[in-house]
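K.L.:
The following block contains the structure, expressed as structure tokens.
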Amino acid sequence: MNSRGPLLWQLGELAEIVQETPRVASLYLDVPDWPGHLAGQHLDVRLTAEDGYQAERSYSIASPPEDSRLALTVERLDDGEVSPYLVGELKVGDKVELRGPIGGYFVWRWGDDRPLLLVAGGSGVVPLMAMLRHRSAGSHKTPARLLYSSRTFADIIYREELDRLISAKDGLTVHHTLTRDKPAGWTGFTRRIDAEMVKEVAWPSAQQPAVYVCGPTPFVEAAATLLVGMGYEPGWVKTERFGATGGG
């Protein structure tokens, strides 16, 4: 999306904070000179301490290209250098340094009519949510399926928004799996992703879907291997490993 030469640092002002889970918050930023982005891209955040020490981390962009505000969804890591500040100390009106957008491989554009298969582990759902929001804003709805693995029910990021998107009945289905605890009455999966689960959720390979997988490295490698094992061409399966959503 960026064609203006080298990426420069610019300031974003925090306009709103939305607590998604006990450890995850979405930060909505006003960035006056933002050049625009594609669903699936990420950006860098830089913090500078009073003594001049700087720390940088990359975070996926949660907002779709259509939104006027830029959204980052950040998981607080107790031993992190950046995330505890972003999720816990940053207040409305504060400014942070941003550089982006970054990445041109792990992106989805509205108008791609192939069935869309999204596979997320934990906060790996963030760039995939940008894709679903982008899809929702378009006039023609590509059939889409999301398989989303979380530790517990309380750890499901965007749970209520996903329910709203499903209720539109426009060709999106969401399949959850919980790997630790499950609440009473839970009807979703209750295990780590496996071949049986993938076969139940994924599009048949004959439909040649567009596939995006994001999460921790072991999760991504397992999911990609399972998809290739059921006949998906490796070139269909675009992957992004942790680092872009919560590296500290």
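K.L.:
Contact order normalised by length for the chain, with contacts defined as Cα pairs under 8 Å and 6 or more residues apart; what percent is it?
P.N.:
About 22 percent, as a whole number.
K.L.:
Can you tell me what percent of all Cα-Cα pairs in the chain are more than 29 Å apart?
P.N.:
27
K.L.:
In addition: Post the alpha-carbon centroid distance, region 56-97 to region 17-52, in whole angstrom.
P.N.:
If we compute the Cα centre of each part, the gap is 3 Å.
K.L.:
Using a Cα-Cα cut-off of under 12 Å, which aspartates and glutamates could be cross-linked to LYS91, ignoring same-chain neighbours fewer than 8 residues away?
P.N.:
LYS91 reaches GLU13, GLU16.
K.L.:
So between GLU56 and ARG180, what do we pick up on full extension, going 0.36 nm a residue minus the alpha carbon distance?
P.N.:
Working: separation 124, 0.36 × 124 = 44.64 nm, distance 3.18 nm.
That works out to 41.5 nm of additional length.
K.L.:
Next question, about the same structure. When the Kirkwood hydrodynamic radius is evaluated over all pairs of different C-alpha atoms of region 110-248, what value in angstrom, to one decimal, is obtained?
P.N.:
That comes to 15.2 Å for region 110-248.
K.L.:
Further, regarding this structure: Using a basic spin-label model with each label point 7 Å from the Cα along Cα→Cβ, how many nm lie between SER167 and ARG192?
P.N.:
For SER167 paired with ARG192, the spin-label model returns 3.5 nm.
K.L.:
Compute the signed sum of charges (Lys and Arg +1, Asp and Glu -1) over the other residues within less than 12 Å, Cβ to Cβ, of VAL45.
P.N.:
Working: positive: ARG46, ARG57, LYS95, ARG99; negative: ASP44, GLU56, GLU81, GLU97.
Here the charged neighbours net out to 0.
K.L.:
Filter LYS95/LYS141; LYS141/LYS199; LYS95/LYS238; LYS169/LYS199; LYS169/LYS238 down to the pairs with a C-alpha to C-alpha distance above 30 Å, please.
P.N.:
LYS95/LYS141; LYS95/LYS238
No value in this document is a laboratory result; all are computed from the given coordinates. Here the structure is a predicted model, which is why all the values come from computation and not from measurement. Quick reminder, even Gly has a Cβ in these numbers, built from the backbone with ideal geometry, and neighbours come from all protein chains shown.
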